[in-house]
Amino acid sequence: VGVGGSGKQSLTRIASFMAGFKCFSIELKRGYGSPEFRDDLKSLYIQAGIQGTPTVFLFTDTQIVNEGFIEDINNLLNSGEVPGLFAADEKERMMSDIRPYCEKLGLPGTKDVLYSTFINRVRDNLHIILCMSPVGEAFRSRCRQFPSLINCCTIDWYMEWPAEALNSVSQRFLASVNLGTEDVGKAVAAMCVDIHISVGDASDRFFQELRRKFYTTPKSYLDLINLYMSLLQEKRDELGTARDRLLNGLMKLDETNSVVDSMKTELGLLQPILEQKSAATAELLIQVAKDKADAAIVEENVTKEEAVVIEQAKATEAIAADAKADLDEAMPALDAAVNSLNSLNKGDITEVKGFPKPPPLVQMTMEAVCILLGEKPDWDTAKKVLSDANFMRRLFDFDKDNISEKTIKALKKYVEDPNYTPEAVQRQSNAAKSLCMWSRAMDVYSKIAKVVEPKRLVLQNAESELAETMAALKSKQDQLKAVKDRVADLERRLAQAMTDQKELADTAELTEKRLGRAEKLTNGLADEQVRWKDTADELGHQTDLLVGDVFLSAACISYFGAFTGTYRDELVAKWVARCKELDIPVSDDCTLRGTLASPVEVREWNIWGLPTDNVSVDNGILVTRGKRWPLMIDPQNQANSWVKAMEMKNALKVIKLTDGNYLRTLESSIRIGNPVLVEDIGEALDPALEPILQKAIFVQNGRTLIRLGDSDVDYDPNFKFYLTTKMPNPHYLPEVCIKVTIINFTVTIKGLEDQLLGTVVMQERSDLAELKNQLVVSNARMKKELKEIEDKILYLLSNSTGNILDDEV
């Protein structure tokens, strides 16, 4: 027996694990009733009685859908048997299944023995643990109606945790959190205990003065500690990032200011260099143009001379070809004579020389040879010539190009003799034939040489003139190449000079642009630079105070949602004073709004219909920052209207627990991430909502799932769940308080004044009311845009690479 959240179920599961018992608990779903409960009891009996598994049956009062469950539990406690649980056929099957166990024990196999053995085995293996809350009338009524709850159970009453236990738990959890110093850590752990106890005292006074009930449990205490640790890390990251962005922006602006003077100096130095480069480039342009003109003239002359040389070469080639054609006429006969001479041997010469009186044609042949060799044309002389060892060499080396006119004239009578032919001579002497051919070839060659010689002289002259012209042309071509090389060098130098000039001009232009951007940046952000510095210092100071400010904010979210504004202010003032006593860093004016809300966000809430008073703004923070889903006490329908306006853009689904298909709507919204608003909640919540309220999500095969009823549903992290009730003073039991964040949206005096003023103005001066609404919306939009622009500037400053003045975004 203990209030919800005191650890009854957690300790039961730990004890079951330590004792080696299997923990069994029913799973509620839509339409769960007595038949389903009895089916679960049958499974429990089979597990304990047939399978012999030591089992703990964990049953809580939140699982009592109807009182028939308690009646079955009462019978189970009283006798170990639930009347009418098994039908006859099921009983037969049970006895059949238990028979091997009975035989093992040596018991008779009668029906009564088998059934009693089954029930006794269930009693031996089954341990029933009931978790009940003493709050309200239900527990008293059930104890009176079902006496076995008292007579057959051992009562273990869970009292409130003592201060020592609370302090031990907080120290254990906060040991891993960096809170500055060890003393501060101990002070925060002690402060957790003070807050928990103070909220309990305030709850008692709340009930005495306003007849409103609110419960604190150990679960609330643990949620406070966990929420504090997560919020502290979140705010440290948030403020650290914001401060780093501001400091980085300030650093970039300081860098810009420091380089402006150097850029001005650099620009001043660049101007004369740029002018000097421009003048040099202009001179080079003139020189290049002049040299190009000179090169064009030289190239034109060379082209003309090349044409003349080509014509001379063609004429020389024609002369050479003509002379060659004439020589080609004599060459076959000469070649034939030379070949014939090559065929002569010593025996042939001896043969001719051996004639005592040579035949007439042999005589003629030798006389012709002697005439050509410059000897006396008679046989005796011929024999001497033939006897010369160098005779053949004289024939081969004969100077055929310089035969005298006298020799040709003396030779004429022989070659013109019709009988003096190689064929005729061959008939008289084969050796003389070759000499005949040689003498005749010399005559032909001499005649042709007289024609060719003038042509050869002309050719020599032409070749000589061509060589001189080619030499002159080569000189002109060399001159042209030199001019072109000079022009090319000048052009290269000009291109380099123009490149250097362009680079200098680009550098000067870039420096001017950088100076312009620097002026815009420094002038445009001069005021912001001062404000950023102040803001960075303020953020640094806030970071130092986060330990206390975030702690009190976590306490507000965990505990004070159900209280009215007066009680909230009293609690916060008491907590701030206590923090200062314990030397915990905390702001003097620490508020939930100042720590966890941004002005832009609050303004948007006001536009969507949230009243502007502090209590309502704090309620908005509780709705959006709490780790548990909000349950809003909303008799005036303010929270309902606000949530509908805020979530309209996200396709809000509005349901009631009386809707027949509300679970199907919930399932589809969870899957696609639509927010859901449940209206008109009573004092008890449907057990089917348990997995959603507990946020019992799990990951399986990479998918985030939640078990809803008897099926697993994909869980979208964008899903949001809101609950509202129109009851002005509902009494929510601790079992409900630990699952949701209860928020009292009952209208405040300030809220009523604002609404009444708005209604009066709308009636009396609707034009002013409309103008006021437009101004509020416009003001909110412009401040939001201003914040976005500042964020963009800081983002660009922090993410700029290289020289920031080169970024034209």
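The values are calculated or read from the model by the stated rules, or taken from the named source; none is laboratory data. Note that the structure is predicted; figures quoted are calculated from it, not measured. All Cβ positions, even for glycine, are placed from backbone atoms using ideal geometry, and neighbour counts span all protein chains on display. Heavy atoms of the whole protein, side chains included, go into the accessibility calculation; ligands, DNA and RNA do not. Shrake-Rupley method; radii C 1.70, N 1.55, O 1.52, S 1.80 Å.
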**OP:** Obtain the radius of gyration and the Kirkwood radius of region 1-87 from its C-alpha atoms and give Rg over Rh.
**Re:** 0.96
Subject >> Pairwise centroid distance, computed over Cα atoms, of region 465-500 with region 606-627, Å >> reply: 89
**OP:** Using only C-alpha positions, report the orientation-averaged shadow area of the convex hull of region 1-42, nm², one decimal.
**Re:** 4.2
Subject >> HN-Hα J in Hz across region 361-370 - Karplus 6.51, -1.76, 1.60, θ = phi - 60°, x for Gly and Pro >> reply: 5, 5, 4, 4, 5, 5, 4, 4, 5, 4
Subject >> the chain, accessible surface, carbon-and-sulfur percent (1.4 angstrom probe) >> reply: 53
Subject >> Where chymotrypsin sites (Phe, Trp or Tyr not before Pro) in DSSP loops with at most 16 other Cβ within 10 Å are excluded, longest remaining stretch of the chain >> reply: 158-397
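If the limit is 29 Å between Cα atoms, which of Lys739/Lys792; Lys277/Lys474; Lys533/Lys649; Lys627/Lys787; Lys42/Lys720; Lys580/Lys720 go over it?
Lys739/Lys792; Lys277/Lys474; Lys533/Lys649; Lys42/Lys720; Lys580/Lys720
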**OP:** Return one whole number: the accessible area per residue of the chain in Å², for a 1.4 Å probe.
**Re:** 53
Subject >> Between helix 430-524 and the chain: long-axis angle, C-alpha atoms, 0 to 90°, nearest 10 >> reply: 30
Subject >> Amide hydrogen neighbours beyond the local backbone of Val676, cut-off 5 Å, H modeled >> reply: Lys653, Lys720, Phe721, Tyr722
**OP:** Ignoring everything but the protein chains, give the 1.4 Å probe accessible area of Glu570 in square angstrom, nearest 10.
**Re:** 80
**OP:** Quote the charge dipole size of the chain about the Cα centre in Debye, to the nearest 20; the model charges only the Cβ of Lys and Arg (+1) and of Asp and Glu (-1).
**Re:** 1960
**OP:** Summarise the long-distance tail of P(r) for the chain by giving the % of C-alpha pairs beyond 47 Å.
**Re:** 59
Original post:
Antiparallel as a % of all DSSP beta bridges within the chain, to the nearest 5?
Top reply: 25
Subject >> Cα centroid separation - region 575-591 against region 660-697, whole Å >> reply: 39
Original post:
Under a 5 Å amide H to amide H cut-off, with H placed in plane at 1.01 Å, what residues pair with Lys22 once short-range neighbours are removed?
Top reply: Thr55, Val56
Original post:
Based on DSSP, what percent of beta bridges with both residues in region 671-777 are antiparallel, to the nearest 5?
Top reply: 75
Original post:
Considering only Thr241, Ala495, Ala432, whose Cα is most displaced toward the positive end of the charge dipole of the chain, charges sitting on Cβ of Lys, Arg (+1) and Asp, Glu (-1)?
Top reply: Ala432
Original post:
Which of the trypsin sites (Lys or Arg not before Pro) across region 167-218 are loop residues per DSSP, with 14 or fewer other Cβ within 10 Å?
Top reply: Arg211
**OP:** Please give, to one decimal in nm, the separation of the simple spin-label points placed at Asn701 and Thr181, each 7 Å out from Cα toward the Cβ.
**Re:** 5.6
Subject >> Most positive-pole-ward Cα, Met18, Pro54, Ala87, against dipole of region 7-126 from beta carbon charges >> reply: Met18
**OP:** List the GluC sites (Glu not before Pro) within region 1-80 that fall in a DSSP loop (any state other than H, G, I, E or B) and whose Cβ has at most 16 other Cβ atoms within 10 Å.
**Re:** Glu27, Glu67
Original post:
Among the aspartates and glutamates, which have Cα under 17 Å from the Cα of Lys695 when same-chain residues fewer than 8 positions away are ignored?
Top reply: Glu27, Asp223, Glu667, Asp686, Asp710, Asp712, Asp714, Asp716, Glu735
**OP:** Please turn the phi angles of region 60-74 into ³J(HN,Hα) values with the Karplus equation 6.51 cos²θ - 1.76 cosθ + 1.60 (θ = phi - 60°), one per residue in order, whole Hz, x for glycine and proline.
**Re:** 10, 5, 6, 9, 7, 6, 9, 5, x, 4, 5, 4, 5, 4, 4
Original post:
Separation between the Asp506 and Asn773 pseudo-spin-labels, each 7 Å from Cα along Cα→Cβ, expressed in nm?
Top reply: 5.9
Subject >> Value of [θ]222 nm, deg cm²/dmol, for the chain, DSSP H segments ≥ 4, -39500 (n - 2.57) each, nearest 500 >> reply: -23500 deg cm²/dmol
**OP:** Over the chain, calculate the relative contact order: mean separation of alpha carbon pairs under 8 Å at least 6 apart, over the residue count, as a percent.
**Re:** 15
Original post:
Taking Cα atoms, how many degrees apart are the long axis of helix 88-105 and the longest axis of the chain, rounded to 10 and kept between 0 and 90?
Top reply: 80
Original post:
Over the heavy atoms of Met159, what accessible area does a 1.4 Å probe trace out, to the nearest 10 Å²?
Top reply: 130
